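Data first, discussion second: the structure below is written as structure tokens.
The values are calculated or read from the model by the stated rules, or taken from the named source; none is laboratory data. Bear in mind the structure is a predicted one, so any value in this text is a computation, not a measurement. Cβ placement follows ideal geometry from the backbone for every residue including glycine, while neighbour counts extend to all protein chains displayed.
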Amino acid sequence: MKKTIACAAALLFATDVARAALPVGARAPDFRVEGALAGKDFRFSLADALKKGPVVLYFYPKSFTSVCTEEAHLFAEATDEFAALGARVIGLSGDDIATQRKFSSSECRDKFAVGADADLKVAKAYDASFGGVFAARISYVVAPDGNILSATSSGQAEPHIRRALETLRAWRAAQKS
């Protein structure tokens, strides 16, 4: 049953996976970044977060720009759904921590964390860097075992939230069977 759901999920996301650099099933690179949640600083560790459940990791080009702001609002609105599925959300961009403090409060509405990847080291590890200048709009759902469950590459905000939730629902159903 788990294999069937995994295959169905892979087919469902095949179009986007082809555009995202890290494929479904690949090992997610571990990382640590300075982050902000509700305007307060903290250190985010992927390995530590995965001990508590799946992680939705999304890369976005620039805080306070139109689509990035829309995406943050949509993730904030869906925070309770992600939490009910046992998942945490973190967004990463090349912005500095001072910008991320403000963005985490105003645009993320104090609901989820954003991290500062000013040198784009993490974005490059995930092949989510657009020419090494800024982060590309790519999102991943990472299972607690560290493997990528889905990858979405879209210039629009909504597909990232929708596909992450679909992936987590399928993952959760597979865990129950």
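Checking Gly115, Gly146 one by one, the residue that is surrounded by fewer than 21 Cβ atoms within 10 Å (Cβ to Cβ) and small (Gly, Ala, Ser) is Gly146 and no other.
Residues in the range 118-143 that are crowded, with 20+ Cβ neighbours inside 10 Å and basic (Lys, Arg): Arg137 alone. Of the residues making up the range 50-103, those that are exposed (fewer than 14 other Cβ atoms within 10 Å of the Cβ), over 20 Å from Glu166 (Cα atoms) and small (Gly, Ala, Ser) are Ser66, Ala98.
Of all residues in the range 48-56, at least one satisfies being touching a Gly at 6+ places or on another chain (Cβ under 8 Å), under 16 Å from Leu92 (Cβ atoms) and touching a residue at least 12 places away in the same chain (Cβ under 8 Å).
Restricting to the range 108-123, name every residue that is of a type outside the set (Gly, Ala, Ser) and under 16 Å from the mean Cα position of the chain (by Cα). Matches in the range 108-123: Cys108, Lys111, Phe112, Val114, Asp117, Leu120, Lys121, Val122. For the criterion of being surrounded by 23 or more Cβ atoms within 10 Å (Cβ to Cβ) and at pLDDT 95 or above, Ser106 fails. Between Gly115, Gly146, Gly155, Gly91, which is of a type outside the set (S, T, N, Q) and on the phi > 0 side of the Ramachandran plot? Going through Gly115, Gly146, Gly155, Gly91 in turn, just one is of a type outside the set (S, T, N, Q) and on the phi > 0 side of the Ramachandran plot: Gly146.
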